[in-house]
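In what follows, a structure is listed as structure tokens, so that the remarks can point back to it.
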Amino acid sequence: MPITFQDREQGFEAKFAHDEERRFLTTARRDKLFAQWAANTLHLPDEAAKAMIHDVLSVQDGPDHDRALLRHMANVMSARGAGLSESDLSAVLGRCMQQALLQVGGLPPDPL
């Protein structure tokens with residue numbers, strides 16, 4: 001049975017939607033792991049840790065998401081006396097991405 005152009009197009013659209021969903025889930029998992037790491041590093045009680053996770057997951061998604069996330073976390077860490085640089089936090093964020101990829105499964109997300 002020959003595959004029509006419309007069948008191919010629908011297949012590409014379905015793959016794109018699947019890849020985007022996986023990218024979103026992986027990034028959300030990474031951000032949550034990052035917030036949990038920060039809460040543990042700061043020895044926050046449960047309620048404060050939950051609030052931090054909520055704040056991190058609220059960071060605007062888009063092309064500058066990672067930079068905004070790192071800036072937000074650098075400000076939070078600095079305000080609580082744990083002055084880590086954005087480059088230090090970036091390394092932690094990378095490790096959280098590796099963990100998220102293992103947990104969610106799949107390829108690394110393409111940068112936006």
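The values are calculated or read from the model by the stated rules, or taken from the named source; none is laboratory data. Bear in mind that the values here come from a model prediction, so they are computed numbers and not experimental data. Reconstructed Cβ throughout: ideal geometry from the backbone, glycine too, with neighbour counts over all protein chains shown.
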> So which residues in segment 21-44 are closer than 17 Å to Cys96 by Cα and of a type outside the set (A, V, I, L, M, F, W, C)?
Replying inline: Arg22, Arg23, Thr26, Thr27, Arg29, Arg30, Asp31, Lys32, Gln36, Asn40, Thr41
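Look through segment 45-67, keep the residues that are of a type in the set (A, V, I, L, M) and surrounded by fewer than 17 Cβ atoms within 10 Å (Cβ to Cβ), and return whichever of them is nearest to Cys96 (Cα to Cα).
Of segment 45-67, the ones of a type in the set (A, V, I, L, M) are 48-49, 51-53, 56-57, 59.
From what is left, the residues that are surrounded by fewer than 17 Cβ atoms within 10 Å (Cβ to Cβ) are 48, 51, 57.
Numbers: Ala48: 20, Ala51: 19, Leu57: 14 Å.
Among residues in segment 45-67 that are of a type in the set (A, V, I, L, M) and surrounded by fewer than 17 Cβ atoms within 10 Å (Cβ to Cβ), the one nearest to Cys96 (Cα to Cα) is Leu57.
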> Does at least one position in segment 11-18 carry a residue that is under 26 Å from Leu102 (Cα atoms), surrounded by 11 or more Cβ atoms within 10 Å (Cβ to Cβ) and not small (Gly, Ala, Ser)?
Replying inline: yes
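Which of the following residues is aromatic (Phe, Trp, Tyr), surrounded by 11 or more Cβ atoms within 10 Å (Cβ to Cβ) and modelled with pLDDT of 95 or more: Phe34, Phe24?
Numbers: Phe24 fails: modelled with pLDDT of 95 or more.
Going through Phe34, Phe24 in turn, just one is aromatic (Phe, Trp, Tyr), surrounded by 11 or more Cβ atoms within 10 Å (Cβ to Cβ) and modelled with pLDDT of 95 or more: Phe34.
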> If you go through segment 68-112, how many residues are hydrophobic (A, V, I, L, M, F, W, C), at pLDDT below 85 and surrounded by 12 or more Cβ atoms within 10 Å (Cβ to Cβ)?
Replying inline: 2
> Which ones in segment 56-72 are closer than 16 Å to Trp37 by Cβ and either more than 13 Å from the chain's Cα centre (by Cα) or of a type in the set (Ser, Thr, Tyr) (or both)?
Replying inline: His72
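Show me the helices (runs of 4 or more DSSP H) found entirely inside segment 1-84 where at least 3 residues are β-branched (Val, Ile, Thr). Can you show your working first?
Working: elements: 5-41, 46-57, 65-79.
Output list reads 5-41.
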